[in-house]
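Structure first, commentary second.
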Amino acid sequence: MNKPGATRFTVASEIISAAMMALVAVATAWSGYQSARWSGVQSTDYSAASAKRIAAGVAGLRAGQAGLLDVLIFNDWLNATLAGNAKQAGLDEKRFRPDFAVAFNNWLKTDPLNNPAAPASPLLMPGYQEPNDAVAQRIDSEASSLFTAGLGANQQSDDYVLTTVVLASVLFFIALSQRFENFRIRLSLDGMALLMLIAALYRLWLFPVM
């Protein structure tokens, strides 16, 4: 309520201040709500990224185990072949994994036992790759994307928090201006509060909404 002797400027200043405070209250509530939502997105993305990392590790472990099995069976085949044990070599060939068998057959075409320029092992053939290697790489890439998305959500949450701080500063300058009767001082403080409010509202307008 205005005092009996209030000037027109004082009345207008109080009305504008009240309007700005109402806008600040709404904008602060909205900014806090969005910050909480983006924090939730960040937490979800980080959790999903961690789960993906674990899955990629499991796939990588399986790839290592399969690769070790390829090496062991191939070494047994090579020893049997060099020893002239065709039966054992044939048994080893039946134990090859399908993907390794393809690389092995291509390797045989290079006449490795007589050709010094041939690759030393089927594992060195261009087309050889344990399938779980590709799976591990794909899952790890997905984990990296989720982690990056989590970082983006965290930054967005921080941006909303920073805007809330700016809005709090607006309230500070509005409250401070009420303590002065001097026209220029109140105008300066109210003007500063208004500029900060406009800047904060503009930022909120540009921010993505969750």
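The values are calculated or read from the model by the stated rules, or taken from the named source; none is laboratory data. All values reported here derive from a predicted model rather than from experimental measurement. In this analysis, Cβ positions are derived from the backbone assuming ideal geometry, glycine residues included, and neighbour counts consider all displayed protein chains.
Odds and ends about this structure:
- Scanning the stretch 154-201 for residues that are under 30 Å from ARG8 (Cα atoms) and among the aromatic types (Phe, Trp, Tyr) yields PHE172, PHE173, PHE180, PHE183.
- Count - residues of the stretch 90-109 that are more than 19 Å from LEU68 (Cβ to Cβ) and in contact (Cβ under 8 Å) with a residue 24 or more places away in the chain: 0
- Restricting attention to the stretch 15-37, the residues being closer than 17 Å to TRP205 by Cβ, in contact (Cβ under 8 Å) with a residue 12 or more places away in the chain and among the aliphatic types (A, V, I, L, M) number 4.
- Among the residues of the stretch 135-180, the ones that are closer than 15 Å to VAL209 by Cα and among the β-branched types (Val, Ile, Thr) come to 2 in all.
- Going through (1) among the basic types (Lys, Arg); (2) surrounded by fewer than 16 Cβ atoms within 10 Å (Cβ to Cβ); (3) touching an Asp or Glu at 6+ places or on another chain (Cβ under 6 Å) one by one, LYS87 falls short only on (3).
- All positions within the stretch 170-179 that are surrounded by 14 or more Cβ atoms within 10 Å (Cβ to Cβ) and more than 17 Å from ALA200 (Cβ to Cβ): LEU176, SER177, GLN178
- Count of residues meeting criterion [within 15 Å of SER31 (Cα to Cα) and crowded, with 19+ Cβ neighbours inside 10 Å] in the stretch 135-158: 3
- Inside the stretch 25-79, residues that are among the charged types (D, E, K, R) and either surrounded by fewer than 19 Cβ atoms within 10 Å (Cβ to Cβ) or not in a helix (DSSP H, G or I) (or both) make up a count of 4.
- Subset of the stretch 101-145 (residues that are of a type in the set (S, T, N, Q), within 18 Å of ARG62 (Cα to Cα) and either out of contact with any helix residue (DSSP H, G or I) (no Cβ under 9 Å at 6 or more places or on another chain) or not in a helix (DSSP H, G or I) (or both)): GLN129
- Test for PHE172: is it in a helix (DSSP H, G or I) and in contact (Cβ under 8 Å) with a residue 40 or more places away in the chain: no
- PHE100, sole failed condition from (1) surrounded by fewer than 15 Cβ atoms within 10 Å (Cβ to Cβ); (2) more than 30 Å from GLU14 (Cα to Cα); (3) at pLDDT 85 or above: (1)
Table: residues versus (1) touching a residue at least 12 places away in the same chain (Cβ under 8 Å); (2) over 38 Å from the mean Cα position of the chain (by Cα); (3) loosely packed, with under 14 Cβ neighbours inside 10 Å.
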position	(1), (2), (3)
ASP111	no, yes, yes
LEU123	yes, no, no
TYR160	yes, no, no
LEU195	no, no, yes
